[in-house]
Every structure is written in C-alpha cells, then in structure tokens.
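Presented below is the structure to which this report refers.
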C-alpha cells in the first residue's frame, strides 16, 4: 500500500475528516487531499505530526517499501552452494585446489556447514598438491 492509501486509511480509522487533520497540522484541507490522492507528499515534519495524530509509526504511514530479505535463508543457500562446490572440487583436480582456496575465503563462521566445508577444502588442497607432485614426479622420471 502506498503512502497516500495509508494516510487515508489511518485518518478514517481515527474518525477524522480531512478538515480535522488540516486544522491539527495548521495546513490547508487541499494539502491533505493532495497527499491522499497521490498528487504530493507530506514533508518530514508533517509526516511526524501525522504519525502522532494517528498513533502509528512513520514506517506504518510510509508502508513497507523495502523488499524483505530472509538473511537466514540466504546464508543457508550460500552455505549449501559452497558445500556443493567443495564436493565437486574433488572431481576437477588440480584445478580444484584453486577453487578450494576461493571457497575457503568465502566460507565464514556464520555458515551452516562451515566446518564441513573447511575440511573438504583442506582435503581437496592436500589431494591436489599430492596429484600435482605425482604428475611432476612421473613426468621427470618416466618419459613416456
């Protein structure tokens, strides 16, 4: 709901007319009408006075203008993605070692699977290092 609809709704809930509101705020009735018809907006001072007059918060008058972001859900999703990337790292060695470093930097203690992701990444780094050493060893000593 927009500010104009909220202004009208709270005015009517309090049993006030536009004239009553205009007299309380020392403004013209036309100003109140313009606000309620979305032709203009009240300034901050009038918005505060309106919130006191209607016994609501300024946020209630403004309406919920910000999208709600569920932070816990977002962290859970990010944590699941990091876990999946950590598992996939084992199948793309030695590149997985580079990705493991990136995942370790992105992983923090707020994540759901923090410890598991850390263990998988460290294991992937060790495995990547071991495989790179084996490749170098065989390429140096066994010319195929």
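The values are calculated or read from the model by the stated rules, or taken from the named source; none is laboratory data. Keep in mind it's a predicted model, so treat the numbers as computed, not measured. We place every Cβ from the backbone using ideal geometry, glycine too, and count neighbours over all the protein chains shown.
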### Task
State whether one or more residues within segment 50-69 are closer than 18 Å to residue 17 by Cα, modelled with pLDDT of 70 or more and loosely packed, with under 14 Cβ neighbours inside 10 Å.
yes
### Task
Go through the residues of segment 70-80 one by one and say whether even a single one is assigned to a helix (DSSP H, G or I), modelled with pLDDT of 80 or more and not assigned by TED's automatic domain parsing to the domain that holds residue 31.
yes
### Task
Could you run through segment 1-37 and say how many residues are closer than 17 Å to residue 63 by Cβ and either more than 36 Å from the chain's Cα centre (by Cα) or modelled with pLDDT under 90 (or both)?
4
